[in-house]
Amino acid sequence: MMHKVLIDCDPGHDDATAILYAARHLDLVGVTTVYGNQSVDKTTANALSILTLLGLDIPVARGCDRPLNGIFRHGGDVHGKTGIDGAELPAPARGPVDAHAVDFIIDTAKQHRGELVLCPIGPFTNVALALRKEPQLARWLRGISVMGGTTQIGNTTPVAEFNVWSDPEAADIVFRSDIPLWMVGLNVTRKVGLCEQDVARLSEGGRVARVFGGLFGFFRNQLREIHGLDTASLHDPCALVPFIAPDLITYRQAPVEIELGQGPARGMTVCDFRNLTTRKLENIKPRAPANCSVAVEVEDRALVEHILAAILGWPDHAPAAAAVPSPV
Ligand code: RIB
Ligand code: CA
């Protein structure tokens, strides 16, 4: 049976790819949106347009427009003025549902008790507020698999990754939730990128693939100009890999804490990989018990090819409310 997932996102080129990848291989029961790469108005419109492009009738619930501390700082146009520059997307075939994303997350987890995996791939504000509003959510969810954080260098700051940096207090609530947690950070996702030839393959594909070719042509140029990278990072689809192709990413159990200070390390995911022996010294002991499976290695080329296959194989004849393509 396919795993049930709900994606909480800020589309976003890689978010759009995560939606396609999840719809191809999993039971994507809903999408919630949050500020991040752009305003929540834009990320919601982008999510609705992507689902229209894919011919999917999946509910979208609009979420928070700012972090818990109230200071909205969007992604600095890394993803462009629209949040998903690079290709013409269809106008949304439908609008968002009436429910707020926080309530949609709670209601969907209650409806699919014990089965639903929540995949936050933008700032974690919606998820944190849902955990605060409904304490039973921690029992109802099967797990939470995030794209966020890093065990090495950051992107938005030297040590912090954008999703966690955007709302560290929200990330702290998620990492202290005692829910089974998977974290894939920049240390892995930056290795999973589309090169120039990959983008060209998309641009020579069918209608949907050509749209993604345009999107990733733009995104790759942005990352090259801003971060000096030569590939377009597929950050967000990596959060789905434990439920689609678990052999492609290796995880390691570790304590992860979020730096909440106002200094240069704010938003850092402090991962403790020290192999401390049982001999406890006063000032050398684990700070906290392991609370997370942290991604440490990836079969990067195999994962890129698996994601490309999902995009290149998406049927072009998908009508407005098509069922998800049957796995081949
Ligand atoms: O740091 C990478 C993350 O920030 C990705 O989720 C990307 O979409 C942006 O939200
Ligand atoms: Ca994202």
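Details
- FRET efficiency, Asn221 to Arg274 (Cβ-Cβ, R0 56 Å, nearest 0.05): 0.90
- Spin-label zone in segment 162-206 - amide nitrogen under 16 Å from a point set 7 Å from the Cα of Ala138 along the C-beta vector: 170-182
- Rounded to 0.05, the FRET efficiency of the Arg113 and Asp57 pair, given R0 = 30 Å and the Cβ-Cβ distance, is 0.80.
- Cα gyration tensor shape for segment 203-266, rounded if a/c is under 1.5, else prolate or oblate: oblate
- Gyration tensor (Cα) of segment 126-277, equivalent ellipsoid semi-axes in angstrom: 30, 19, 16
- Note on segment 224-267 and segment 129-188: Cα centroid distance 10 Å, given to the nearest whole angstrom.
- For Lys110, a cut-off of 14 angstrom between C-alpha atoms picks up these aspartates and glutamates, skipping any fewer than 8 places away in its own chain: Glu134.
- Relative contact order (%) - criterion: Cα under 8 Å, at least six apart; region: the chain: 20
- Across segment 1-62, Cα pairs under 8 Å and at least six residues apart give a relative contact order of 37 percent.
- Heavy-atom accessible surface of segment 137-218, averaged per residue, reaches 34 Å², computed with a 1.4 Å probe.
- Under 13 Å from the Arg176 label point (7 Å along Cα→beta-carbon), backbone N, segment 129-146: 132
- When the alpha-carbon atoms of segment 70-121 are used, the pair Rg, Dmax equals 15.6, 39 angstrom.
- The charge dipole of segment 7-154, taken about its Cα centre with unit charges on the Cβ atoms of Lys, Arg (+1), Asp and Glu (-1) only, comes to about 400 debye.
- Shown here is the pair-distance distribution of the chain: with all Cα-Cα distances grouped in 20 Å bins from zero up to the longest one, the shares run 35, 59, 6, 0 percent.
- Viscosity 1.002 mPa s, temperature 20 °C, Stokes-Einstein D of segment 1-108 from Kirkwood C-alpha radius, µm²/s: 155
- Relative contact order (%) - criterion: Cα under 8 Å, at least six apart; region: segment 1-144: 30
The values are calculated or read from the model by the stated rules, or taken from the named source; none is laboratory data. Note that the structure is a prediction, hence the values are computed from the model and not measured. Virtual Cβ from ideal backbone geometry, glycine too; neighbours counted across all protein chains shown. For accessibility, only protein heavy atoms count, side chains too; no ligands or nucleic acids. Shrake-Rupley method; radii C 1.70, N 1.55, O 1.52, S 1.80 Å.
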